[in-house]
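Have a look at the structure below before the remarks.
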Amino acid sequence: MRAALLIQRWYRQYAARLEMRRRCTWNIFQSIEYSGEQDHIKLYNFFGYLMDHFTPASDEKNLICHLFRETEVSHDVDLERCFCYKNIDVPDGYNGPHLSFPLTVSNVTDLVQAFKNKQKLHARYVLQLLGNTWTLLRLMPNISHVSTCKHKEITICGDLHGHLEDLLLVFYKNGFPSAETPYVFNGDFVDRGKESIEILMVLFAFMLLYPHDLHLNRGNHEDHIVNLRYGFTKEVLGKYRVHGKKILKLLQKIFSWLPLATVIDQKVLILHGGISDKTDLNLISKLDRHRFVSSFQPLKRSGASLRLKEVALDPDEDNVSIGRRRVQSLTHRTALRHRQDLPRHSVHSESRRTGRSVEDELREKRRLAGLSLSSSSEPDSTELLETDEWKQIVDVLWSDPMSQNGCVPNKVRGGGCYWGPDVTQNVLDRHKLQLLIRSHECKQEGYEFCHNGRVLTIFSASNYYDIGSNRGAYIRLGPDLIPHFKQFQASRTTRELTLRQSVGRTERSALQALRMQLFAHKSALIRQFQEYDPKCTGLVSLKNWAVVVEMVLHLSLPWRVLRSQLVTSCTQDGLLNYHDWVNELSIIQSNTEIANTSLLETLYKHHSNLETIFRMIDTDHSGLISFEEFHQTWKLLSSHLQTDISDKAIADLAESIDFNKDGSIDINEFMEAFRLVEHCRAERQPLPSPNSPE
């Protein structure tokens, strides 16, 4: 008995340590992910600032103005003519799936089998399928209503994020969509994964086949501005080089027509992100959803831009800290006055030269742009209505639940809100609902209840951060409206590893990603360490080390727990030589020889922002930009960062990465080459064999 108790005690301690490591790893992945979303929203807000405050002839404004223009093809007839597939021939040598319309069951099952075998659907069929999908979606309401009366169970899936393997596994376990097996897919079909277009083709095909039995909700990643950063734009252009631009333009229209929510038996509400204290399903059901092409972009009337500015929290307002880096929410404190904390590099530079105040300079910019100086006056009723509608959509797509009561800006993501149990109760009771099912957040087990069981998160992309990082799950809901969960893990590799081996693998991957973040901020780390080292000894205590890394990265991680993983050597007095520690982080270098080390660090730290700007400037999607465009890109990035990068440094960088010396830069190869070293470094670390103890 004594031996059994000792073994039991040892096992509990062992399991507790593994769970602590697993949760710590999870926090690292999630903090870095949300940090990237904040950076993207900051970058887009900067672009909006340029559009609002710079003259029409401004080079910086001209680079990104196409993002803010109304859709080039606004009339449905023009759109159908522009994206006509009939003049696209399918070559005789094409061995992929063939589609005939209206679709048949064999067409769709053949399509699934072809994608399973890594075949590609021809662009003609892609455009034809998208055209039919767009026609169908325009007939659908903003909120789909589904009944379980004639069905045994409805299956609900969460985020897929380009993980076709997860979708196929769900179909294998649960069956293909049909009148007997209805499905609701709750948004975020694209980005991050490598097979987003295949997922869309499969889901759209089944929806055309069973329009009353397969329901799609829009997610925050069904947004062309988000797609620029998170991979879907690159995926489509890589797979369809000739017709990729047409496909993306049509998908932009389709995304705007996706329904915003689904209600089952008038009791269960399904939407992607969440709700707020202002959520009104009656208003959501009546708004023109297709007019909101991007959740980043409020509607604009013709003439002067009506892009809404965000203002910082007033110091006397209540604020709830969620424990991560803070940025402004997309919908928080929307106002028409100028925001004081937006990046103003060019305006400040101009004001320093002329001696005028920033406010005077902004007024002058508005005058030169032909905008009314009284534009900050009270908006009219039409504008307020459009703003309310836009807020409703942003909250539905971006919000997350929190444990505290109330509703506060979602500063972790930078968009939507955090809402508490009281808000859930009020909204559900007001609309006579009993359960809210949402997605939007990766969960380790694939699902999670909160708010006294009235909010349920479902996430269907397994191995989201790395192999073994999380399970996927889907829900089966019958007439009793009691959710039944089915979990899965798509990777066979993960299933072959023990729990300890799986945790060890994902932990190493998370620590590698964290070291990359530390390396990207090494200059800021050195500066902060020196603040804690007034005598310039080069040493700091481990306590001060933890304070500094949190001060610089703002990731709200348990640094003292991570210290043993990140700090390999200390003095006998428990002090850290921070110069040596920072040098140890510098194991990741670009393949490109760059003499300017500050430029290299800027490149590494902001390479995601840089790639996003590249793709915005590359309007023809050729993957090539000229030296002049490259120079303008860097100037735009430096203006966003409020840093100075010399023209010579930019020119040297451009010449060094123009490998074939043709006078243009292949941005895809450049960014991929920059990341290639990271992947190689990570892959060099030996993975545990199934028989190894770790």
- When region 447-500 is examined, which residues are found to be open to solvent by 40 Å² or more (accessible area, probe 1.4 Å), at pLDDT below 90 and more than 22 Å from the chain's Cα centre (by Cα)? R492, T493, R495, E496, T498, L499, R500
- Task: Tell me which residues, restricted to region 529-543, are part of a helix (DSSP H, G or I) and surrounded by fewer than 19 Cβ atoms within 10 Å (Cβ to Cβ).
- Result: Q530, E531, L542, K543
- Query: Going by the conditions given, is K118 over 20 Å from K249 (Cα atoms), over 31 Å from the mean Cα position of the chain (by Cα) and of a type in the set (K, R)?
  - Reply: no
- Task: Would you be able to say whether some residue in region 114-125 is under 23 Å from G238 (Cβ atoms) and among the small types (G, A, S)?
- Result: yes
- Item | Residue in region 204-262 that is surrounded by the most Cβ atoms within 10 Å (Cβ to Cβ), counting only those that are of a type in the set (G, A, S) and either outside any helix (DSSP H, G or I) or touching a helix residue (DSSP H, G or I) at 6+ places or on another chain (Cβ under 7 Å) (or both) | G219
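Conditions (1) open to solvent by less than 20 Å² (accessible area, probe 1.4 Å); (2) hydrophobic (A, V, I, L, M, F, W, C), marked per residue:
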residue: L121; (1), (2): yes, yes
residue: L129; (1), (2): yes, yes
residue: T135; (1), (2): no, no
residue: N142; (1), (2): yes, no
residue: V146; (1), (2): yes, yes
residue: E153; (1), (2): no, no
residue: C157; (1), (2): yes, yes
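Let's see how each residue does on (1) more than 27 Å from H161 (Cα to Cα); (2) modelled with pLDDT of 95 or more; (3) part of a loop (DSSP other than H, G, I, E, B):
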| site | (1), (2), (3) |
| --- | --- |
| P379 | yes, no, yes |
| L385 | yes, no, no |
| L397 | no, yes, no |
| V412 | no, no, yes |
| V423 | yes, yes, no |
| L433 | yes, yes, yes |
- Message: Go through region 111-163 and report how many residues are over 30 Å from D466 (Cα atoms) and of a type outside the set (A, V, I, L, M).
- Response: 21
- Note on the structure: Picking from A473, A510, the residue that is touching a residue at least 40 places away in the same chain (Cβ under 8 Å) and assigned to a strand (DSSP E or B) would be A473
- Give the residue that is nearest to E33 (Cα to Cα), with candidates limited to residues of region 556-587 that are in a loop (DSSP other than H, G, I, E, B) and without any contact (Cβ under 8 Å) to a residue 60 or more places away in the chain. V567
- Note on the structure: Conditions (1) at pLDDT below 75; (2) open to solvent by less than 30 Å² (accessible area, probe 1.4 Å) -> N62 fails only (2)
- Query: Does region 535-551 contain at least one residue that is farther than 23 Å from D466 by Cβ and within 26 Å of the chain's Cα centre (by Cα)?
  - Reply: yes
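The values are calculated or read from the model by the stated rules, or taken from the named source; none is laboratory data. In this text, all values refer to a predicted model and were calculated from it rather than measured experimentally. Ideal geometry is used to build each Cβ from the backbone, glycine not excepted, and the neighbour counts take in all protein chains shown. Just so you know, the surface numbers come from the protein's heavy atoms only, side chains and all, with ligands and any DNA or RNA stripped out. Shrake-Rupley method; radii C 1.70, N 1.55, O 1.52, S 1.80 Å.
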